[in-house]
Amino acid sequence: MGIFDKLFGRKSEETETVAEQPVAAAPAAEATDDGPMMKVFDAEGNEGLVPRAQWREVLMRNLENQVDDPEQLYNTLITALQEGFAADVLPFAEHLRKIDPIPTRSAVTLGIFYMETERLDEAEILFNEFTAQHGPHPIILANLAKLYSRQGDDERAESTLWNALEADPNNDNSINWYVAIQRHRAGDEGAVDAFRRIAGLPGSWKAQLALARAALEANDVAGAEALYQEAIDAVTKPAPVQLLLQVSADLGAAGLVDQMARLVTPNVDPAVHGLEVGNNIIKANLEQGRLGEARAMLESLQALNRSEWHTTLRFWNVELIRAEEATSARG
């Protein structure tokens, strides 16, 4: 498996999902004398089976009771979609579109319901009307691209997907899909070119991470450092946890603590990046014998007095004491 597969995963266009949006899934069911059955779980997590028809009745009753509560209505609609009831509850998705104070959420939800019930023309109208009213939105555009793909218009799907990336070049699913298209066309070189093209978009940083990790695997440390720096420079501060987490993990695994000190440590806000990033910094510096740097990060995390961190921080404190004592004994 190549480096880009490890980072984003190798997926085909057809199996791509849109970021943060549900995809209808066939319910887990078994056939009995009562017809199709569905798995359900009680409050204690115990599994049971109920007839699908009975579950549908409960679902519809819940939706009827939630018509004035967009939050509950949305959540129940997502459950219905995932369990294969899209056609049954479509009118409630249309109702949500009228009452939801979050227009993007209701537009995407209804659009997906339209697509799952093969009402592609209505989904296209909905997405285009939303864009005309609110401007380009990455998730709306990504769903529109998926719609064009389902219609067999691959050229339009790809151009619309690129528009989605222009609106948000760090949407994982849009990145995955675009890279998969280019890989299908031109192999791994096509995937690399895709990441490079995305990296050229304003605000991009995730594509730079993919390219930087590939550079590390090719032993191009200077190239990797430049790409990591480019990613860090592209974001507002404080930097996203995911960004510093990956940079610190990559550099730590490679034993590049000097680069970590230059790229990561100055951008860490312990209250924001917390134990996730701090762990990587402590571990890498401890392994490379840079006990002062490890101790400084440990103390900055300890100062926040987060009870959920105590066990891990005690572990690192013990490890540091052992290393400090060993260093003192040698010298």
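Quick one: pull the percentage of alpha-carbon pairs in the chain with a separation above 24 Å. Each step should come with its number before you reach the end.
Numbers: 35831 of 54615 pairs.
Across the chain, Cα pairs with separations above 24 Å total 66 percent.
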Next item on the list: Label the stretch 240-331 by shape, choosing from rounded, prolate and oblate, from the square roots a ≥ b ≥ c of the eigenvalues of the Cα gyration tensor; if a/c is under 1.5 it is rounded, and otherwise prolate applies when a/b is larger than b/c, oblate when it is not.
Entry: oblate
Note to self: Could you give the length gained by full extension between Asp69 and Ser328, i.e. 0.36 nm per residue of separation minus their alpha carbon distance, to one decimal place?
What the structure shows: 86.7 nm
Item checked: Helix 270-287 vs. the chain, principal-axis angle (Cα, 0 to 90°, nearest 10) -> 50 degrees
Margin query: Give me the extension gain from Ala43 to Val241: residue separation times 0.36 nm, minus the current Cα-Cα distance, reported in nm with one decimal.
Written below: 68.0 nm
Checklist line | Total charge dipole magnitude, the chain, about the Cα centre, Cβ charges on Lys, Arg, Asp, Glu only, Debye to nearest 20 | finding: 1060 debye
Margin query: Helix 86-99 against the longest principal axis of the chain: what's the angle in degrees, Cα atoms only, rounded to the nearest 10?
Written below: 70 degrees
Checklist line | Qualifying aspartates and glutamates (Cα of each under 15 Å from Cα of Lys237; at least 8 residues distant if same chain) | finding: Asp269
Next item on the list: Taking H placed 1.01 Å from N in the peptide plane, check which residues at least 5 places from Leu49 or on another chain put their amide H under 5 Å from its amide H.
Entry: Val40
Next item on the list: Return the whole-Å distance between the Cα centroid of the stretch 203-233 and the Cα centroid of the stretch 134-156.
Entry: 29 Å
Next item on the list: Give me the distance in nm between label points sitting 7 Å out from Cα along the Cα-to-Cβ direction at Val58 and Gln133, one decimal.
Entry: 3.5 nm
Notebook entry, point to check: With each run of n ≥ 4 DSSP H residues scored as -39500 (n - 2.57), what mean residue ellipticity at 222 nm is computed for the chain after dividing by its residue count and rounding to the nearest 500 deg cm²/dmol?
Noted result: -22500 deg cm²/dmol
Next item on the list: Could you give the size of the charge dipole of the stretch 199-331 about its Cα centre, using +1 on the Cβ of each K and R and -1 on the Cβ of each D and E, expressed in debye and rounded to the nearest 20?
Entry: 220 debye
Next item on the list: Based on the mean of other Cβ atoms within 10 Å per residue, sort peptides 104-117, 200-213, 253-266 so the most packed one is first.
Entry: 104-117, 200-213, 253-266
Next item on the list: Relative to the longest principal axis of the C-alpha atoms of the chain, give the angle of the C-alpha long axis of helix 154-167, reported between 0 and 90° and rounded to the nearest 10°.
Entry: 50 degrees
Notebook entry, point to check: Taking a 28 Å limit on the Cα-Cα distance, which of the listed pairs Lys39/Lys206; Lys98/Lys146; Lys206/Lys283; Lys39/Lys146 fall beyond it?
Noted result: Lys39/Lys206; Lys39/Lys146
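Every number here is computed from the coordinates shown, using simple stated rules; none is lab data. Only a predicted model underlies this, so the values are computations on that prediction, with no experimental measurement involved. Here the Cβ is made from the backbone with ideal geometry for all residues, glycine too, and neighbour counts use every protein chain on show.
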